[in-house]
Amino acid sequence: MRLKMAQNSLFAVLLRSSWWISLAVALVLIAASRALLPADYWVFGAMGSFPFVVIAGIALVKQLRRPSQRQAQAILERVRAMSWREFSQALQEAFERDGCTVERTEGAADLAVTKSARTALVAARRWKAARHGEEGIAALHAQMRERDASECTYIALGELSQNAQRFARTHGVKVLQGDGLVQLLRAMPVKAS
């Protein structure tokens, strides 16, 4: 069984926040322990800050690896200018760089991405569309169930309709847009401007 952190748990929120916030929480816990606990026991209270220090470290590493705003904008501009062949090749290289095996597929999904015996179907062919409806996401989800895949991901630069967002949320379809797509394609070379 694969454990997954709740999206709105304290640690999940801190992982998405700036690293220094977790460090500040740890320092506040240490200071409170020092001020409120007897001299012989404040160290034990301060040990409660350790998870926050770890979260600060993880968040810092993640934030250092994240492309800058200018790099992110350059990657998205390059993605918008790509043909399907170039974009699918860039996706395949990005997934393979992350240790996945990629297979081209037919139907609603364009790629089958496998890592650690878990397969995710990825639909990306309509990535340039200005607006995405529920049909494409529903077809991808149906193919995922048909192939008994672990999960599915829908890639889009444009916005999703309300129905598409609701369907994705209800059925656990991961939608990769903007920052998520930039993070996946972070190693893609872009022209210096």
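The values are calculated or read from the model by the stated rules, or taken from the named source; none is laboratory data. These figures come from a predicted structure and were not determined experimentally. We place every Cβ from the backbone using ideal geometry, glycine too, and count neighbours over all the protein chains shown. Calculation scope for accessible area: heavy atoms of the full protein, side chains included, ligands and nucleic acids excluded. Shrake-Rupley method; radii C 1.70, N 1.55, O 1.52, S 1.80 Å.
At a 1.4 Å probe radius, carbon and sulfur cover how many percent of the accessible area of the chain? Walk me through the numbers on the way to the answer.
Details: 6870 of 12370 Å².
Roughly 56 percent, rounded to a whole number.
For MET82 paired with VAL53, estimate the spin-label separation in nm (one decimal), with each label point 7 Å from Cα along the Cα-to-Cβ line.
Each label point is offset 7 Å from its Cα along the Cβ direction, giving 4.2 nm.
At 7 Å along the Cα-to-beta-carbon direction for both SER68 and ALA24, put a label point, then send me their distance in nm to one decimal.
According to this spin-label approximation, the distance is 2.5 nm.
Can you give the extra length, in nm with one decimal, that the chain gains between ASP179 and ALA139 once fully stretched, where that is 0.36 nm per residue apart less the Cα-Cα distance?
Values: separation 40, 0.36 × 40 = 14.40 nm, distance 2.44 nm.
The ASP179-ALA139 span can extend by a further 12.0 nm.
Distance between Cα centroids, region 133-189 to region 14-82: provide it in whole Å.
After rounding, the separation between the Cα centres reads 29 Å.
Under 12 Å from the Cβ of ILE58, count the other residues' Cβ atoms, weight Lys and Arg +1, Asp and Glu -1, and hand me the total.
Working: positive: ARG16, LYS62, ARG65; negative: none.
Once positives and negatives cancel, what remains is +3.
What does the extension gain come out to for ALA39 and THR101, with contour length at 0.36 nm per residue minus their alpha carbon separation?
Numbers: separation 62, 0.36 × 62 = 22.32 nm, distance 5.57 nm.
The ALA39-THR101 span can extend by a further 16.7 nm.
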